[in-house]
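Take a look at the structure below.
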Amino acid sequence: MSYQDTARLAAEHHLDIYGGFHPEAGGTLLMLGPGAGVWEHVSAAPEFGHGDDPLDRWSRRVIGAMAETLGAEAVFPFDGPPWHPFQSWAQATGRCWESPVRLLVHDRAGLWASFRGALAFEARLDLPAAEAPRPCEACAAPCLGACPVGALGPEGYDTGACHAYLDTPAGADCLSRGCKVRRACPVSASFPRVEAQSAFHMAHFHKPGTN
């Protein structure tokens, strides 16, 4: 199997390869994230009719089947502890970097960067070159001033301030449309992510009683 075979199979499920690298131990790791039309596709899947964590269960089923077809091992960011180092892996691809607000920024997804899983191959697959340089280099960093309560900045993430803001009427905009900081990224603005997907993730992040 090749990188191109994986990309074609991922596209059938509205997933994209967000990058890949060759670990020191050998083989190849390809990271999978949401592609265009993923929310319309996944929210119609059987996992969304019942039970908790439907997106994780969908990811496990779909990426697990991909791994079986491709002769790879499926790895997930929600399996743990111990947790797999997805952030370090993402940066190893040369397509993800730390942004001015410390969140990962991806060359195509911007601050919407997220991963549904990864595929670990024993073989050393040929990988395409990274698509673009770090987007923050030529950016005025609107992300830095986008949070109304300064919860995200160079010093890191103040989750308490974030949750407190989300409990206010003004926080409804972030809950329904996604984090204002992530939306402020110019690369994020061109990425095909629908608000319903952001609302789902925000509801998972900000559950009743979270502080």
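The values are calculated or read from the model by the stated rules, or taken from the named source; none is laboratory data. These figures come from a predicted structure and were not determined experimentally. Note: ideal-geometry Cβ built from the backbone for every residue, glycine included; neighbour counts use all protein chains shown. All accessible areas refer to the heavy atoms of the entire protein, side chains included, with ligands and DNA or RNA removed. Shrake-Rupley method; radii C 1.70, N 1.55, O 1.52, S 1.80 Å.
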query: Build a GNM of the chain with springs between Cα atoms under 10 Å: which of Arg116, Arg124, Arg193 gets the top mean-square fluctuation?
result: Arg124
Residue among Val38, Trp97, Ala65 farthest towards the positive dipole end of region 1-111, charges placed on Cβ: Trp97
task: Net charge near Gly71: determine it from the other residues with C-beta under 12 Å of the C-beta of Gly71, scoring Lys and Arg +1 and Asp and Glu -1.
output: -4
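Over the chain, with every protein chain in place, what whole percent of the accessible area is carbon and sulfur at 1.4 Å, could you tell me? Could you put the intermediate results ahead of the total?
Details: 5660 of 10520 Å².
With neighbouring chains kept in place, the figure for the chain is 54 percent.
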The chain, accessible area per residue, ligands and nucleic acids excluded (1.4 Å, Å²): 50
statement: For region 145-194, shape from the Cα gyration tensor axes a ≥ b ≥ c, cut at a/c of 1.5 then a/b versus b/c, turns out oblate
query: Does region 77-139 come out rounded, prolate or oblate by the C-alpha gyration tensor, with a ≥ b ≥ c the root eigenvalues, rounded set by a/c under 1.5 and, if not, prolate when a/b is larger than b/c and oblate if not?
result: oblate
- request: Please report how far the C-alpha centroid of region 1-75 lies from that of region 98-133, rounded to the nearest whole angstrom.
  value: 14
field: Mean ellipticity per residue at 222 nm, deg cm²/dmol - from DSSP H runs of n ≥ 4 across the chain, formula -39500 (n - 2.57)
entry: -9000 deg cm²/dmol
query: How many percent of Cα pairs in the chain exceed 33 Å?
result: 15
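Run the dipole for region 82-202 about the Cα centre, Lys and Arg Cβ at +1, Asp and Glu Cβ at -1, nothing else charged, and hand back the magnitude in debye, nearest 20.
Using only the charged Cβ atoms, the result is roughly 180 debye.
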